[in-house]
1. Does C:ALA83 satisfy being assigned to a helix (DSSP H, G or I), under 30 Å from the mean Cα position of the chain (by Cα), closer than 22 Å to C:ILE196 by Cβ and within 14 Å of chain B (Cβ to nearest Cβ)?
2. Would you check which residues across region B:238-253 are within 20 Å of B:ARG39 (Cβ to Cβ) and either of a type in the set (D, E, K, R) or assigned to a loop (DSSP other than H, G, I, E, B) (or both) and list them?
3. Looking at A:SER342, A:SER347, which is the one that is surrounded by fewer than 11 Cβ atoms within 10 Å (Cβ to Cβ) and either more than 20 Å from A:ASP234 (Cβ to Cβ) or among the β-branched types (Val, Ile, Thr) (or both)?
4. Could you tell me whether any residue of region B:8-29 is in contact with a strand residue (DSSP E or B) (Cβ under 7 Å, 6 or more places away or on another chain) and not aliphatic (A, V, I, L, M)?
5. Please indicate, with yes or no, whether at least one residue in region A:303-319 is part of a strand (DSSP E or B), among the acidic types (Asp, Glu) and in contact (Cβ under 8 Å) with a residue 12 or more places away in the chain.
6. Run down B:LEU66, B:LEU73, B:LEU49 and say which single residue is in a helix (DSSP H, G or I), of a type outside the set (Asp, Glu), within 28 Å of the chain's Cα centre (by Cα) and within 30 Å of B:PRO171 (Cβ to Cβ).
7. Counting only residues that are within 12 Å of chain C (Cβ to nearest Cβ) and of a type in the set (Lys, Arg), which one in region B:223-274 is surrounded by the most Cβ atoms within 10 Å (Cβ to Cβ)?
8. Taking B:ILE83 as the residue in question, decide whether it is facing chain C (nearest Cβ under 9 Å) and more than 18 Å from the chain's Cα centre (by Cα).
Amino acid sequence: MANHETGGLAANQDLPLLRIRGLGVRFGTFNAINPLDLDVRDGEFLTILGPSGSGKTTLLRAIAGFQAPSEGGIEFDGRDIADMPINRRPFNTVFQDYALFPHMTVRENVSFGLRVRGTGRKRLNDRVDSALGIVGLEELGARYPSQLSGGQQQRTALARAMICEPRLILLDEPLAALDAALRRQMQNFLKSVQRQSGITFLFVTHDQSEATTMSDRICVMRSGSIEQIGTPRDLYYRPKSKFVASFFGASNIIEPCEVIDARNDVTSVRTAVGTFAVAGPAPEGGSGLALAVRPEAFGIGNGKPVNQVELTVVSVSFIGSETITELRHRDASLEFKMKTRSDPAASPPAPGSVLTVGFDPAECALVSGDRG
Amino acid sequence: MLAEDCVLWGFAALFILVPLASFLVYGFFFVVDNSVVYRPTLANFVEILSNDSYRTTFFKTLRMALEVSAINLVLGYATAYFIWLRPPAWRNFLVIALAVPLLMSYIIKIYAMRGVLGTNGLLNSVLLALGIVDEPVSALLFNLTAVRITLSVVLLPFMVLPIYISLERIPNSVLNAAADLGAGELQTFARVVLPLSLPGGIVGAMFTFVLASGDFLAPELVGGIEGFTYGRLIFSQFGLAFNWPLGAALSILLMIVALAVIYIARRLGNPRWQR
Amino acid sequence: MKRLRLLDVSLASVSFLVYLALYLPILLVFVLSFFSMRRGRVRWDTFSFEWYARLFSNESLGEALLNSIIVGVTAIIAATVIATLAALHVNARPSSRSARMLEYVIFLPFLLPPIITGLSLLIYFREIGVSRGLATIIVGHAVFVLAIIYRIILTRLNALSRSLVEAAQDLGASRLQTFRFIILPNLRMPLLTAGILAFALSFDETMITLFLSGTDGTLPVRLYAMMRVGFTPEINALITLILGFSIVLTVVFAFAWRRSGGTDNNRITRI
């Protein structure tokens with residue numbers, strides 16, 4: 001299994017299960033995916049996250065083989081599979097609309113992959129039983145898809161994709177059709193199935209919180225390119241771009257900002273509303289930077305003694321455990337959003353009043369501005 | 001993939017395209033002593049355009065087809081609209097009742113109309129019994145009016161069904177929205193229902209016109225001498241007159257009209273919001 | 001409010017007249033098939049099944065009926081194979097220009113006046129030296145019903161989610177297995193529906209057949225010959241039988257159509 005290709009890769013990385021190099025998809029003159037590289041490690045839960053039109057589904061379809069790439073290569077376990085027909089590819093897909101065969105029962109759906117391979121009856125039944133057991137559908141084998149709830153359909157689709165024991169399963173927004181409560185339940189379920197089976201999951205979604213909850217790593221896509229890859233914590237606390245920062249809820253962007261000093265892992269930046277300290281080194285190629293601050297990073301007065309700035313209250317909204325205060329800076333027309341724990345004792349600040357707020361250098365990030 | 005293309009286009013060429021092409025070519029040949037001379041000439045077309053009786057038959061037939069389409073558009077729309085307003089159980093029944101005659105033999109329906117329109121027919125019996133006329137009216141059969149009535153009855157389902165289908169496609173929410181915005185029933189009809197169901201009417205009118213203009217069975221069976229139409233003219237070239245090239249040339253004119261009507265219907269029946 | 005009432009009443013009366021016009025003539029034929037006529041007048045005192053009995057001793061009618069069935073069955077099998085191939089072809093590449101052209105060509109014999117389809121095949125067969133007979137009628141009918149069968153199958157194929165085919169392939173099914181296990185089971189009802197409808201159309205087809213039949217005519221052609229001679233109770237009896245058959249076919253068709261989801265217009269338009 002090990003081969004010469006590991007040499008050139010970054011340290012502490014095993015041979016990836018799926019290795020994508022220079023993969024691009026064009027529709028006419030439109031670049032759905034700009035040539036990109038991506039490694040999927042064996043056994044991980046990797047989520048491709050992006051807004052609609054970012055190319056995430058196209059990327060998944062190119063990997064699955066439904067969409068012929070315009071260029072680039074895909075290797076699975078060291079083998080080139082770019083030209084391999086769909087039905088020979090060694091992994092399976094869970095579709096957004098589940099794509100359950102309407103004329104087959106749950107059992108027939110789940111056994112399909114084995115049947116087309118000519119698996120013997122005994123072995124087939126055992127495998128189907130165990131797959132139905134994993135997804136908790138033992139009792140519903142004789143039902144037709146139209147007789148199942150959304151969650152049950154979802155489980156059937158998962159069992160069907162798992163039946164051939166692939167090492168990788170592609171999931172195309174499989175939870176999009178479910179309601180919020182069921183979706184949370186299915187997130188936990190998918191995650192636990194992935195953990196226990198050890199199958200690598202490549203999961204596509206547009207939902208940031210879904211990606212954060214489930215994934216080992218997240219790959220954020222935008223306009224056909226990869227914006228950033230990292231663990232959920234990385235992306236949350238160390239976004240590299242304005243886009244990733246705002247996608248992960250850091251809605252306060254202060255730009256332009258200029259690095260004036262960088263030492264001891266603290267970088268000082270100057271902006272239109274003041275000078276701030278940011279934890280971590282300055283990013284390379286430090287022009288066109290912006291400072292991203294999470295709404296919950298702000299604290300009032302002495303609670304946050306560093307990085308302070310005076311802001312005028314515009315409005316206050318009480319949303320239960322938290323209170324959101326909209327603020328505006330007096331000189332620059334910059335607007336800020338602050339999220340604080342609701343305090344039953346204190347009355348909220350009146351609109352028009354001036355607050356001194358501050359934020360921790362570790363709770364903000366220097367990010368690149370908009371591309372292009 | 002290539003084999004598939006070959007089979008499909010092979011079939012299409014062998015049984016649709018080449019026959020149509022050979023018929024088109026035939027219109028330019030001519031007949032001497034009951035045998036076809038394979039030399040191109042425009043003689044047939046010159047003959048058709050300069051011969052008064054061909055010309056009048058041609059325009060008489062087109063006019064008749066147009067009249068039938070117009071009458072059926074009115075009758076058909078009213079019926080489709082009526083069906084549409086019924087509760088669902090009624091609707092299904094009425095639609096099936098409309099589809100049943102559609103699948104009945106064309107020639108049988110024409111024959112049945114003869115039983116209604118004839119001198120001893122049902123219509124005359126009713127008129128006599130009601131005392132509206134004193135003796136049977138013979139003007140009901142074997143003339144152009146008989147052809148009009150027969151074609152109108154026989155082709156009605158082709159009008160009602162497309163209109164009904166386009167009515168049924170109008171979502172309820174759209175009607176509710178119109179009402180919500182203050183449109184009365186008549187306004188909703190005129191501004192929402194009618195424009196949205198017009199494509200169905202156009203398709204129905206197209207079917208009716210194309211079928212009526214090329215028909216030769218109804219005129220043959222109920223038309224008499226006065227009801228001599230273009231379709232019969234063509235058919236007779238392949239029977240007694242035995243002038244196939246002339247028959248083909250006559251049909252080419254009919255086909256041009258039919259294609260033009262189909263084309264216009266496609267343009268009109270496919271409004272901007274559906275493209 | 002009053003004006004609307006008036007409108008309702010007029011709509012109802014027009015519709016009533018339309019249904020009356022559609023059914024009364026046929027009903028009349030049915031009633032008259034049990035009575036004799038003298039000098040064009042119906043003798044209401046002669047109710048009998050005599051005319052039906054005579055039909056069964058008429059051998060040429062039996063032959064014509066057999067011809068109709070042979071033509072219908074053969075034409076439909078041929079047309080179904082071609083139409084299914086064409087529908088699969090077009091469904092797989094909806095934006096291909098060649099596929100769209102093919103669709104136009106398939107629709108031509110259905111859209112053009114039957115007289116043109118009939119005589120173009122007549123001229124064609126004469127020129128390639130095929131004499132008129134059952135074979136030429138079969139071709140005429142196959143070409144005529146092709147568009148209907150194609151349309152019904154294509155509608156169903158388009159309604160099938162693309163991801164079903166992708167899912168089958170994703171799970172390892174070959175093209176043939178995908179067709180056998182996924183597409184064909186979903187085409188069962190549409191194929192049945194299209195078959196019934198096409199058979200009914202073929203069974204009644206007269207205009208194209210008149211051009212293409214030699215000595216072996218189908219039932220409508222035979223009827224046409226009888227009708228030109230006159231108005232007899234025997235024809236009425238024959239017609240009644242044919243109509244009964246057509247009605248049975250239509251009802252079967254209607255049920256098949258509804259079961260295959262054909263009346264669900266939304267499903268068709270959404271695709």
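1. Working: assigned to a helix (DSSP H, G or I): yes; under 30 Å from the mean Cα position of the chain (by Cα): yes; closer than 22 Å to C:ILE196 by Cβ: yes; within 14 Å of chain B (Cβ to nearest Cβ): yes.
For C:ALA83, the condition - assigned to a helix (DSSP H, G or I), under 30 Å from the mean Cα position of the chain (by Cα), closer than 22 Å to C:ILE196 by Cβ and within 14 Å of chain B (Cβ to nearest Cβ) - is met.
2. B:PHE242, B:ASN243
3. On the way: A:SER342 fails: surrounded by fewer than 11 Cβ atoms within 10 Å (Cβ to Cβ).
Of the residues listed, the single one that is surrounded by fewer than 11 Cβ atoms within 10 Å (Cβ to Cβ) and either more than 20 Å from A:ASP234 (Cβ to Cβ) or among the β-branched types (Val, Ile, Thr) (or both) is A:SER347.
4. Start the filter on region B:8-29 by keeping residues that are in contact with a strand residue (DSSP E or B) (Cβ under 7 Å, 6 or more places away or on another chain), which leaves B:29.
Retained after the next criterion (residues that are not aliphatic (A, V, I, L, M)): B:29.
Yes: region B:8-29 contains one or more residues that are in contact with a strand residue (DSSP E or B) (Cβ under 7 Å, 6 or more places away or on another chain) and not aliphatic (A, V, I, L, M).
5. Of all residues in region A:303-319, those part of a strand (DSSP E or B) come to A:309-318.
If we keep only those that are among the acidic types (Asp, Glu) as well, we get A:310.
Among the residues that remain, those that are also in contact (Cβ under 8 Å) with a residue 12 or more places away in the chain are: A:310.
Within region A:303-319 (the criterion being part of a strand (DSSP E or B), among the acidic types (Asp, Glu) and in contact (Cβ under 8 Å) with a residue 12 or more places away in the chain), the answer is yes, since at least one residue qualifies.
6. Numbers: B:LEU66 fails: within 30 Å of B:PRO171 (Cβ to Cβ); B:LEU49 fails: within 30 Å of B:PRO171 (Cβ to Cβ).
One residue alone meets the criteria, B:LEU73.
7. B:ARG232
8. Values: facing chain C (nearest Cβ under 9 Å): yes; more than 18 Å from the chain's Cα centre (by Cα): yes.
When the stated conditions are applied, B:ILE83 passes them.
No value in this document is a laboratory result; all are computed from the given coordinates. On a predicted model such as this, the values are computed, not experimentally measured, just so you know. Glycine gets a Cβ as well: all are built from the backbone with ideal geometry, and neighbour counts include every protein chain shown.
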